[in-house]
Amino acid sequence: MHKTKIHFLSRYKIIIFSFIVVFCILLLFVNFHNPFYVITSGSMLPTLKQGDVVFVVPVSYNSLKIGDVIAFKKFFVDSDHIFIHRIIEIDDAKLIKTKGDYGISSIPDIDYPITKSDYVGKVLFVFYSLGSWPKLLDPPVNYIIIFMVIISSVVFLKQRQFL
């Protein structure tokens, strides 16, 4: 009985460790840019609420379609401000028009035109009501976390005699 409990706990630790490693690898694939954005306005209600967190990935601009929810920047607004809106139109010149789900119409010069240089990525996952925890993943904290996971991995593997 005692051996089974130890084996279960060991397996549990390996699963948690694996999730952490996968998360760190995921951070590497997004080039150390924080792929998490906290929704701060009600423009996407009821789909996205304030405090929801979206995970944005750099999907090809040419593969986007009407209905996709995307992240984009408008450089004349604020260099750090990211808009999260739904695509409602793609014209022949591949210019995108978006709109917040809550809005009656698109906002001129914000929602249209969106060019390839404005585009940040496509919303892949939504984590509802998580608040501001992704800010912990901004540099330099994300580098520290990755460093700690690598060191922990080496120690873990040495203890298991894999190294």
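Every number in this text was worked out from the coordinates using simple rules, so none of it is lab data. Everything numeric here is computed off the predicted structure, so don't read it as measured data. Positions of Cβ are generated from backbone atoms using ideal geometry, with glycine treated the same way; all protein chains shown enter the neighbour counts.
List of remarks:
- The modelled label-to-label distance between ASP68 and LYS116, using points 7 Å beyond Cα along the C-beta direction, is 1.3 nm.
- Available extension along the chain between TYR143 and ASN34 is 38.1 nm, counting 0.36 nm per residue and deducting the alpha carbon span.
- Take the Cα of PHE125, go 7 Å toward its beta carbon, and the backbone nitrogen atoms of the range 33-64 under 17 Å from that spot belong to 33-39, 52-59.
- Listed values for the range 66-72 are Karplus-derived 3J(HN,Hα) couplings in whole Hz (6.51 cos²θ - 1.76 cosθ + 1.60, θ = phi - 60°), namely 4, x, 5, 9, 10, 10, 8, and x replaces Gly and Pro.
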